[in-house]
Amino acid sequence: MRAVQVVGYHDKLQLNEVPDPQITGPFDVIVRIGGAGVCRTDLHILEGQWEAKSGVALPYTIGHENAGRVEAIGDEVTNVAVGDKVILHPLITCGLCRACRAGDDVHCENSKFPGIDTDGGYAEFLKTSARSVVRIDDSLEPADVAALADAGLTAYHAAAKVARMTRPGDTCVVIGAGGLGHIGIQVLAAISGVRIVVVDRNPDAVALAVEVGAHVGITAPAGESEANGPVEQVLELTGGHGAEAVLDFVGEGGATAEGVAMLRRAGNYFVVGYGENIDVPTIDIISTEINFIGNLVGSYNDLNELMILAAQGKVKLHTVTYRLDDFQQALDDLDAGRVRGRAILIP
Ligand SMILES: [Zn+2]
Ligand SMILES: [Zn+2]
């Protein structure tokens, strides 16, 4: 089969002819890729940022946001059949460790990560396990949902936590209305009762956020005076108390200082975007009982729930498709900021 491979760091990807994956274990599932999301992480892999962390032997096939149709299954696979449309949880998990038994797939102690530390989905076929395949509704196409396997799943995981930890009428400030933010807003609108206040520096992103479900949009141009800045506006909206939840998809450039200042006493701060340190005096944390909550991708059940919202038409993702052969164009477009929504390779 044809597969796009990492052959060296700081080198371009190569389209190579490689052997088709084979069923070797009873729970193996081979998927014919219908769509593979092109992600900023792929650019970071080529820059060598994951070299030490993944320890993967080169060459290997890249691509960690995958969906398609089941091509072949091992003897013991009962949850999917050949021909089923599926999206792949990004990890192949063991099912036996403590984290797996708690349904916390992301913290599996024996996981593999196709596209990062083993062969991924920029290819005609990918081998995963029965534990990682989520069947999707007939109305959905693999290429339309592939990017929800990673970016969308991360946004869902955090937004679903907000939904569980808030009450109808509470306020949730969403910082950052980019790719993840606009999925998070759709999820909050679908499954929580919060008033959604979105803050972003880009007026177009704020307008799109309001279109997909945010109740209040705040455009925060750099250099805005303190008196009318986003913190003041959130305090004004909440009777001076602040928001019960802040969902931060930015995590750099001063976002966390502003976000913490928007938080109500006993409020929860959900960190998704990252880059800077959170600088909060410990006395403020104990005296106001605010909490900081990290978020890493999402579980199999999270992905299943996200696919239900997608089938209900409540979460939509804008995509631009490329043929597998045009992988370099897709990466170049992503790198240059020319992709609106998510770029998807179709083998
Ligand atoms: Zn990704
Ligand atoms: Zn495990």
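Here are the numbers for this structure:
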quantity: Whole-percent carbon and sulfur share, accessible surface of the stretch 100-174, 1.4 Å; calculated: 41 percent
quantity: Relative packing of peptides 123-129, 134-140, 331-337 - highest average C-beta neighbours within 10 Å first; calculated: 123-129, 134-140, 331-337
quantity: Peptide ranges 53-59, 81-87, 341-347 listed from the most packed, as the mean C-beta count within 10 angstrom indicates; calculated: 341-347, 81-87, 53-59
quantity: Convex hull volume per residue in cubic angstrom - Cα atoms of the chain; calculated: 140 Å³
quantity: Loop sites in the stretch 1-65: chymotrypsin sites (Phe, Trp or Tyr not before Pro), DSSP, at most 13 other Cβ within 10 Å; calculated: Y9
quantity: Solvent-accessible area of R32 with every protein chain in place, 1.4 Å probe, in Å² to the nearest 10; calculated: 110 Å²
quantity: Whether the stretch 24-131 is rounded, prolate or oblate, judged on the alpha carbon gyration tensor where a/c under 1.5 counts as rounded; calculated: oblate
quantity: Separation in nanometres of the label points that stand 7 Å from Cα toward Cβ, at L96 and D20; calculated: 3.0 nm
quantity: Zone residues, the stretch 141-158, relative to Q312, backbone N less than 17 Å from point 7 Å out along Cα-to-Cβ; calculated: 153, 156-158
quantity: Over the chain: helical MRE at 222 nm, DSSP H runs n ≥ 4 each giving -39500 (n - 2.57), nearest 500; calculated: -8000 deg cm²/dmol
quantity: The chain: angle of helix 151-165 to the longest principal axis, Cα-based, in degrees nearest 10; calculated: 40 degrees
quantity: Length released on extending from E51 to Y274, taking residue separation times 0.36 nm less the Cα-Cα span; calculated: 78.3 nm
quantity: Extension gain (nm, one decimal) between E232 and T288, 0.36 nm per residue minus Cα-Cα; calculated: 18.3 nm
quantity: Subset of K112/K161; K53/K316; K127/K316; K161/K314; K12/K53; K85/K316 violating a 23 Å alpha-carbon distance limit; calculated: K112/K161; K53/K316; K127/K316
quantity: Cα long-axis angle, helix 179-191 against the chain (0 to 90 degrees, to the nearest 10); calculated: 70 degrees
quantity: Cα-based shape type of the stretch 145-249, given that a ≥ b ≥ c are square roots of the gyration tensor eigenvalues and the cut on a/c is 1.5; calculated: oblate
quantity: Label-point separation, D75 to H241 (7 Å along Cα→Cβ), nm; calculated: 6.2 nm
quantity: Calculated FRET value between R201 and E252, using beta carbons and R₀ = 22 Å, to 0.05; calculated: 0.95
quantity: Theoretical FRET efficiency, 1/(1+(r/R0)^6), r = Cβ-Cβ of R340 and L140, R0 22 Å, to 0.05; calculated: 0.60
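The values are calculated or read from the model by the stated rules, or taken from the named source; none is laboratory data. Note that the structure is predicted; figures quoted are calculated from it, not measured. Cβ coordinates were reconstructed from backbone atoms using ideal geometry, including for glycine residues, and neighbour counts include every protein chain displayed. Heads up: the accessible areas ignore ligands, DNA and RNA and are worked out on the full protein's heavy atoms, side chains in. Shrake-Rupley method; radii C 1.70, N 1.55, O 1.52, S 1.80 Å.
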